[in-house]
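Notes follow once the structure below has been shown.
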Amino acid sequence: MTGPPASILVYSMGEILGDGVWKLPLLAGLRAAAPQARLVWAAAHAQGTVYAGPLTRLAGPLLDGIVTGPGAGADPRDLLRLAPPFGGQRFDLVIDTQARLGPALVARRAARARFVSAAAGFALSSARPDAPWPAAGRDQVAALFGLGLGLPGPITPAPLPL
């Protein structure tokens with residue numbers, strides 16, 4: 001991939017309210033770093049993400065779409081499905097925020113150019129971190145966003161557009 005990505009998929013297992021709240025400034029930072037990109041959030045679990053529920057008003061201005069449910073990697077059968085994941089959408093950059101191998105294999109199929117995931121020790125990833133991998137979830141997500149965009153370090157959290 002040369003230049004900034006035109007489309008980005010952030011793939012998670014789904015958020016409860018607390019996780020969704022602490023990820024918002026990082027999502028705003030990703031939006032600020034790639035303002036022209038089509039930014040889509042995908043949640044593997046059937047219950048989806050709080051970004052399509054209680055946090056819609058805060059996340060809505062940052063996202064261009066949300067994908068949940070079947071074909072998003074929560075079901076082991078998603079690995080065997082011939083249909084492409086995420087409704088057939090493809091993205092220049094796919095950032096997998098969870099580190100489970102099966103769902104990462106599903107998400108990787110949606111990447112046109114770059115895929116970033118800590119699954120299997122970054123074995124599937126287009127890029128690997130130079131620095132030691134952080135222990136805290138918030139720092140891991142910030143590092144994944146930075147790694148996906150080819151930044152020298154983690155993404156900088158940004159204020160929410162209120």
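The values are calculated or read from the model by the stated rules, or taken from the named source; none is laboratory data. Just so you know, these numbers come straight off a predicted model, no measurement behind them. Here Cβ is always computed from backbone atoms with ideal geometry, including for glycine, and neighbour counts include all displayed protein chains. To get the accessible areas, we keep the full protein, side chains included, count just its heavy atoms, and leave off ligands, DNA and RNA. Shrake-Rupley method; radii C 1.70, N 1.55, O 1.52, S 1.80 Å.
A few points about this structure:
- Residues in segment 106-120 that are crowded, with 18+ Cβ neighbours inside 10 Å and either over 12 Å from SER12 (Cβ atoms) or of a type in the set (S, T, N, Q) (or both): VAL106, ARG108, ALA110, ALA111, ARG114, PHE115, VAL116, SER117, ALA118, ALA119.
- Residues in segment 6-27 that are open to solvent by less than 10 Å² (accessible area, probe 1.4 Å) and outside any helix (DSSP H, G or I) were compared, and the one that is farthest from ALA99 (Cα to Cα) is SER7.
- For segment 93-118, taking the residues that are part of a strand (DSSP E or B) and not charged (D, E, K, R), the one that is farthest from PRO4 (Cα to Cα) is identified as SER117.
- Filter pass, ARG57 being touching a strand residue (DSSP E or B) at 6+ places or on another chain (Cβ under 9 Å), more than 19 Å from GLN98 (Cα to Cα), open to solvent by 10 Å² or more (accessible area, probe 1.4 Å) and modelled with pLDDT of 90 or more: no
- Subset of segment 106-121 (residues that are out of contact with any helix residue (DSSP H, G or I) (no Cβ under 6 Å at 6 or more places or on another chain) and over 21 Å from ALA33 (Cβ atoms)): ARG108, ARG109, GLY121
- Any pair with Cβ under 7 angstrom, 6 or more apart, that starts in segment 5-24 at a residue that is within 18 Å of LEU160 (Cα to Cα) and ends at one that is among the aliphatic types (A, V, I, L, M) and at pLDDT 95 or above: VAL10/ILE95; LYS23/VAL141
- On the stretch given as segment 28-49, residues that are closer than 15 Å to VAL67 by Cβ and either hydrophobic (A, V, I, L, M, F, W, C) or open to solvent by 20 Å² or more (accessible area, probe 1.4 Å) (or both) total 10.
- Some residue of segment 71-82 being at pLDDT 95 or above, more than 15 Å from GLU15 (Cα to Cα), open to solvent by 30 Å² or more (accessible area, probe 1.4 Å) and not in a helix (DSSP H, G or I): no
- The single condition from (1) among the small types (Gly, Ala, Ser); (2) crowded, with 22+ Cβ neighbours inside 10 Å; (3) farther than 23 Å from ASP19 by Cβ that GLY88 fails is (2).
- The residues of segment 125-144 that are open to solvent by 30 Å² or more (accessible area, probe 1.4 Å) and touching a strand residue (DSSP E or B) at 6+ places or on another chain (Cβ under 6 Å) amount to a single one, SER126.
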